[in-house]
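A.B. asks: Structure incoming, see below.
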Amino acid sequence: MNPPGPYRLSRRQVRRPLVLAYAPSVTLLLVMTLSGAWVFSARELPFMVLGTTAAVLLVPFLNDDQVRLTEFNVRFRRHKVRWSEITLVEVRSLLGVRQVVLHTVSGKRRTLPAPHSFADPEFDRKAREITDWWERHRG
């Protein structure tokens, strides 16, 4: 049987929090600079706004966090955790966003970078797939 996945965040899932923070950040930057509260000059302001805009536009394309399941382990970022080392696969909520957390025999908790419930209607299915795969392969 082929493993499900790989799981990764969509560009929309990465971009939306950046966009929500963008307008208040640029507004604060503008107000603080023009009021003289910061040492930046009005001449430097366009470059700062350009940098913020570039981050909002480019970060989603640079993000390549993915989770891969194999018969023997789960791989994400620089981690490789064997199924036999996992004692519990849990769904936890942080600020209303549900994520999959792996508990290991050493007592560590590893939060998977994907999937998570923010803007993903398929999260419950994906979390169930990961849990089912662990239950079948934990040994």
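A.B. asks: Find the relative contact order for the chain and round it to a whole percent, using C-alpha pairs within less than 8 Å whose residues are 6+ positions apart.
C.D. replies: The value is 25 percent.
A.B. asks: Can you give the alpha-carbon Rg of the range 8-62 over 2.2 N^0.38 Å, where N counts its residues?
C.D. replies: It is 1.30.
A.B. asks: Hey, what do the phi angles of the range 104-109 turn into as Karplus ³J(HN,Hα) couplings, whole Hz, using 6.51/-1.76/1.60 and θ = phi - 60°, x for Gly and Pro?
C.D. replies: The phi angles translate into 10, 4, 7, x, 7, 10 Hz.
A.B. asks: Any chance you could run the full-extension gain for residue 43 through residue 77? It's 0.36 nm times the residue separation minus the Cα-Cα distance, nm to one decimal.
C.D. replies: 8.3 nm
A.B. asks: Still on this model: How much length, in nm to one decimal, is gained on full extension between residue 54 and residue 106, taken as 0.36 nm per residue of separation minus their Cα-Cα distance?
C.D. replies: 14.6 nm
A.B. asks: Add +1 for every Lys or Arg and -1 for every Asp or Glu among the other residues with Cβ under 14 Å from the Cβ of residue 122, and state the total.
C.D. replies: Taking every Cβ under 14 Å from that of residue 122, the sum is +3.
A.B. asks: Based on other C-beta atoms within 10 Å, arrange 137, 103, 116 from fewest to most.
C.D. replies: Least to most surrounded, the residues fall as 103, 137, 116.
A.B. asks: Relative to the longest principal axis of the chain, what angle (0 to 90°, nearest 10) does the C-alpha long axis of helix 11-34 take?
C.D. replies: 30 degrees
A.B. asks: Can you tell me the 0 to 90 degree angle between the C-alpha axis of helix 123-137 and the longest principal axis of the chain, rounded to 10?
C.D. replies: Result, in degrees: 40.
A.B. asks: Please identify which residues in the range 4-30 have an amide N closer than 19 Å to a label point set 7 Å out from the Cα of residue 61, following the Cα→Cβ vector.
C.D. replies: Those under the cut-off are 9-19.
A.B. asks: Taking the Cβ of residue 61 as the center, what net charge do the other residues with Cβ under 12 Å away carry, scoring Lys and Arg +1 and Asp and Glu -1?
C.D. replies: Net local charge, residue 61 excluded: +1.
Read the figures in this text as sums done on the coordinates, not as results from a lab. Since this is a predicted model, take the numbers as computed values, not measurements. Neighbour counts are summed over all protein chains in view; Cβ atoms, including those assigned to glycine, are modelled from backbone coordinates with ideal geometry.
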